[in-house]
Amino acid sequence: MTVDRVQPALRVVLTDINAEVVEAWRAAFADTPEIEIRRGSILDEDVDAWVSPTNSRGRMDGGVDAAVKRHLGAGIQLRVQRAIRDRFAGSLPVGSAVCVPSGAVSPRYLISTPTMRTSSQNVSETLNVALACAAAFQAIHRQNKEKPGSIRSVALVGMGAQTGRVPARVCANLMWTGYTLFNDHHFEDYDDLRSTVLAQLDDIEAAPAGKRVRIVPPQRSASRR
């Protein structure tokens, strides 16, 4: 496992039209003041990359995915599915992501990361949101390693909070978990990412409702909040 520092210029925006999700973010990220949180559509965010929760096949037929496809055009789904086919043999596992050119001036990239295997799957009883959020930041690390400085700002929505039916507070806490794990760490591959998170699954499930659990790489001493 290789650990690198994320580029300090990375600007992170959390935006959603769901007021409950926004308020849950404000609570979960209260001690993370560098995160910008606001209520609104991701389509209005002028950033280098949007993160769209998707399904394992990259079918952009529901929720945020569908809105992004309408905004960027049908070609974006073709690029996402081509990347999934080329890099993951056609099925993108939860806890992984693809980053593709958007074909637009803003955002320049779309990061697709699955919160579910199939469209409209209920993932409220899973750790998929934390895995997806962590994978999105992993994709940023990988893109910036290939092309330094290509992603300096990113916008994310409430992952799994709409079609995945994840409660707002759970969504916010799991996104905090994913962000704090990967905001300053770079793992070489998505297998390491998934194993790191899942190795500590019991701790997360045992945590009291509403408590945020920090996951750390195995080489570091674990700490909890």
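The values are calculated or read from the model by the stated rules, or taken from the named source; none is laboratory data. Computed from a prediction, not measured in an experiment: that's the story for all the values here. Don't worry about glycine lacking a Cβ; one is built from the backbone with ideal geometry, like all the others, and counts go over all protein chains shown.
Only residues that are part of a loop (DSSP other than H, G, I, E, B) and of a type outside the set (Ser, Thr, Tyr) were counted across segment 28-79, and they come to 19. Comparison of Glu45, Glu23, Glu34 shows that the only residue that is more than 23 Å from Val197 (Cα to Cα), of a type outside the set (Phe, Trp, Tyr) and at pLDDT below 95 is Glu34.
The condition (being touching a strand residue (DSSP E or B) at 6+ places or on another chain (Cβ under 6 Å) and of a type in the set (Lys, Arg)) is satisfied by just one residue among Arg82, Arg11: Arg11.
Checked against the criterion of being surrounded by fewer than 16 Cβ atoms within 10 Å (Cβ to Cβ) and in contact with a helix residue (DSSP H, G or I) (Cβ under 8 Å, 6 or more places away or on another chain), the candidates Ala97, Ala104 yield just one match: Ala104.
In the condition set (1) in contact (Cβ under 8 Å) with a residue 40 or more places away in the chain; (2) surrounded by fewer than 16 Cβ atoms within 10 Å (Cβ to Cβ); (3) in contact with a Leu (Cβ under 9 Å, 6 or more places away or on another chain), Trp50 is compliant with all but (2). Name the one entry in Ser120, Ser106 that is of a type in the set (Gly, Ala, Ser), at pLDDT below 95, over 23 Å from Asp46 (Cα atoms) and more than 11 Å from the chain's Cα centre (by Cα). Unique residue meeting the criteria: Ser120.
Kindly check whether there is at least one residue in segment 103-112 that is among the β-branched types (Val, Ile, Thr) and not in a helix (DSSP H, G or I). Yes - at least one qualifying residue is present in segment 103-112. Regarding Gly90, is this residue outside any strand (DSSP E or B), in contact with a strand residue (DSSP E or B) (Cβ under 7 Å, 6 or more places away or on another chain) and either of a type outside the set (A, V, I, L, M, F, W, C) or at pLDDT below 95 (or both)? Here the answer is no, as Gly90 does not meet what is asked.
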